[in-house]
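The values are calculated or read from the model by the stated rules, or taken from the named source; none is laboratory data. Here the structure is a predicted model, which is why all the values come from computation and not from measurement. Cβ atoms come from the backbone with ideal geometry, glycine included; neighbour counts cover every protein chain shown. For the accessible areas, the whole protein counts, side chains as well, though only heavy atoms, and no ligand, DNA or RNA atoms are used. Shrake-Rupley method; radii C 1.70, N 1.55, O 1.52, S 1.80 Å.
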Amino acid sequence: MSDAPLLRLRALEQVFDTKKGPVAAVGGVDLEVKAGKVLCLVGESGCGKTTTARAAAGITRPTAGAVEFRGKSLTDMTPGEKTAYRRAVQYIHQDPYAALNPTRTVASTLTAGLKRHGLVKNRTEARAKAAELLTLVDLTPPESYLDSYPHQLSGGQRQRVNVARSLAMNPELLICDESTSMLDVSIRVSLLNTLGRLRDDLDVGFLFITHDLAVAKYFAWDGEIAVMYLGKVVEHGPTPEVIGNPQHPYTKALIGAVCEPDPDLARANRSSEQLRSAEIPSLTDLPAGCAFHPRCPAFEPGVCDSTEPALEGTGAAGGRRRVACHIVARDQRRESVQHAQSRDDRTLVLDPNKSPGAAWSA
Ligand SMILES: Nc1ncnc2c1ncn2[C@@H]1O[C@H](COP(=O)(O)OP(=O)(O)OP(=O)(O)O)[C@@H](O)[C@H]1O
Ligand SMILES: [Mg+2]
């Protein structure tokens, strides 16, 4: 079996033509989701999360770059491979109300895809499968829900029906776009627990989108977080590292804005500084250099406003930690020079073949 990630986004770009000019909603995103793993995409409203997710789900065609599923670009897929991809990758919308057809019962909603793909032989088999799916998403006993219409269900129950519908296709990847954000807190936690069980039991991978870092931390603790700002990923790494030791000033600011009494977030919160401006620049008129510089507390003139910082590996977390910040990169370079110097000094002192005096005189 190939060890290609389940989903790979390569230099993904999405530009929308608007009356005000081109809007670079996604400006070159490289990300991967591995089988059975979670990648959480976080960032403020309008930073390009949904646009990225829709391209990843094949709903929209990116302007540039590629979406690959199991190592194959969507544009190179045969019609058969495209059908398999559409079944394997399921997109769950934010709004559980809008996503369901009000005139269909739950059973009818859950079995439509199964019938279309010829995955059930008859009505009895379809109903049994629908009941099984409802049980998977903790809507039990399923008989209480099969003949209900969406308006007879609560928001949380509707979203569970949406999840059940996507599971009908035996997906390998669920793309959840703020799928829990419209729900009350207790219902949200319960749905997150159900999704977590599906992740662990069915080995489903997740591209999980949220603007809520507490939710990201809860759901993606064993996975990774990518922080987006104005269409670009500015920080990426294993969740405990990003939450516990944020590097990018924007990630620090996001964590600083969390008011939930979470000890990890509160710890990182203390290190955050005041933003220079609350205003988010327009995508049609992006600032030169680092797009975050007009708001960044670490801003240095001549450095941050001249060139755009690349998303670079920091060397931490086995190379899985990446940050796009000139100041972070410079501090790290300084640290590694100091580290190398102190190591050289130690070697000189500890080398048994050279006395310190001989080493210095060499
Ligand atoms: N079809 C479109 N035409 C023009 N601009 C668009 C279109 N879709 C999205 N945009 C713009 O692209 C940017 C990114 O939008 P997107 O919906 O991806 O953000 P988001 O991170 O999902 O935000 P939210 O947290 O509010 O859902 C926004 O400025 C949005 O206005
Ligand atoms: Mg969105």
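Extension gain, LYS20 to GLU44, is 6.5 nm, computed as 0.36 nm per intervening residue step minus the present C-alpha separation. Applying a DSSP loop filter and a limit of 13 other Cβ atoms within 10 Å to the trypsin sites (Lys or Arg not before Pro) in the range 104-156 leaves LYS121. Take every pair of alpha-carbon atoms less than 8 Å apart whose residues are at least six positions apart; their mean separation over the length of the chain yields a relative contact order of 17 percent. The modelled label-to-label distance for the pair ALA340/SER73, using points 7 Å beyond Cα in the direction of Cβ, is 3.7 nm.
The slack in the chain from GLN274 to ASP331, taken as 0.36 nm per residue of separation less the alpha-carbon distance, amounts to 18.5 nm.
For the range 1-122, the square roots a ≥ b ≥ c of the C-alpha gyration tensor eigenvalues yield an a/c of 1.5 or more together with a/b not exceeding b/c, which makes the shape oblate. What separates the Cα centres of the range 104-159 and the range 209-254 is a distance of 35 Å. Overall, the accessible surface of the chain at a probe of 1.4 angstrom is composed of carbon and sulfur to the extent of 51 percent. Loop-located trypsin sites (Lys or Arg not before Pro) in the range 1-97 (DSSP state other than H, G, I, E, B) with a sparse environment of at most 15 neighbouring Cβ atoms within 10 Å: LYS19, LYS20. Compare LEU275, LEU174, LEU311 in a GNM of the chain, Cα atoms joined below 10 Å, and give the one with the largest fluctuation. Result: LEU275 has the largest fluctuation of those listed.
One decimal place: the segment HIS117-LEU286 gains 56.3 nm when fully extended, by the rule 0.36 nm per residue minus the C-alpha distance.
With a Förster radius of 30 Å, plug the Cβ-Cβ distance of TRP221 and MET169 into 1/(1 + (r/R0)^6) and report the FRET value to the nearest 0.05.
0.65
Residues in the chain average 50 Å² of solvent-accessible surface per residue, probe 1.4 Å, ligands and nucleic acids excluded. Solvent exposure of MET77, expressed as accessible area, is near 30 Å², computed with a probe of 1.4 Å over the protein chains only. Using a cutoff of 8 angstrom between alpha carbon atoms and counting only pairs six or more residues apart, the relative contact order for the range 1-106 works out to 30 percent.
Here the spin labels are modelled as points 7 Å beyond Cα on the Cα-Cβ line, and at ALA84 and GLU125 they lie 2.2 nm apart.
Of all complete DSSP H helices in the chain, those with a Cα span along the helix axis of 24 Å or greater and a mean Kyte-Doolittle hydropathy of 0.0 or more are 185-202.
If R0 equals 25 Å, the separation of the Cβ atoms of ASP138 and THR60 corresponds to a calculated FRET efficiency of about 0.20. The simple Förster model, with R0 at 35 Å and r as the Cβ-Cβ distance, assigns ASN245 and ASP201 a FRET efficiency of 0.65. For ARG320, the accessible area of its heavy atoms, probed at 1.4 Å with every protein chain present, is near 120 square angstrom.
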